[in-house]
1. Per the 1.4 Å probe, what fraction of the accessible area of the chain, in percent, lies on carbon and sulfur atoms?
2. When ranked by the protection proxy of mean other Cβ atoms within 10 Å per residue, highest first, what sequence do the peptides 1-10, 51-60, 38-47 form?
3. Give me the accessible area per residue for the chain, probe 1.4 Å, as a whole number in Å².
4. Starting from the amide H of Ala16, placed 1.01 Å from N in the peptide plane, find each other amide H under 5 Å away whose residue is 5 or more places distant or on another chain.
5. Could you estimate the translational diffusion coefficient of the chain from the Stokes-Einstein equation, with Rh from the Kirkwood formula over C-alpha pairs, at 4 °C and 1.567 mPa s, in whole µm²/s?
6. In nm, to one decimal, how far is the Lys12 label point from the Asn45 one, both placed 7 Å along Cα→Cβ?
7. Could you give the length gained by full extension between Tyr76 and Ile4, i.e. 0.36 nm per residue of separation minus their alpha carbon distance, to one decimal place?
Amino acid sequence: MEIIDKNGLRKKIKIAILGMGYVGLPLAILFAKETNVIAFDINKNRIDELMNGLDKTNEISNYELKEISSSVDFTYDAEKL
């Protein structure tokens, strides 16, 4: 996804989604189909699970997680925001 700045230059954007629950995770997956996403959650176990392509809440299929893995940076590190 790109935006055009005030000088008419195209710039690629990155989106951060906070919280990988029943709203945040599907939203992150949706945006990841168009641009790079930082998917943040304070729960390290949840992030580890998602980084391994697993969603135990079944909000997103394991196939979908693997499909967008190159566009999403799952993290519990607030410094990456």
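The values are calculated or read from the model by the stated rules, or taken from the named source; none is laboratory data. Keep in mind it's a predicted model, so treat the numbers as computed, not measured. Note that each Cβ is placed from the backbone with ideal geometry, even for glycine, and that neighbours are counted across all protein chains shown. With ligands, DNA and RNA removed, areas are computed over all heavy atoms of the protein, side chains included. Shrake-Rupley method; radii C 1.70, N 1.55, O 1.52, S 1.80 Å.
1. Solvent-exposed carbon and sulfur of the chain make up 52 percent of the total.
2. On the way: 1-10: 8.5, 51-60: 14.1, 38-47: 16.6.
The densest-packed peptide leads the list: 38-47, 51-60, 1-10.
3. Working: 5440 Å² over 81 residues.
Result: 67 Å² of accessible area for each residue.
4. Close amide H contacts, sequence-distant or interchain: Ile38.
5. The estimated diffusion coefficient comes to 100 µm²/s.
6. 3.6
7. Values: separation 72, 0.36 × 72 = 25.92 nm, distance 3.05 nm.
Result for the pair: 22.9 nm of gain on full extension.
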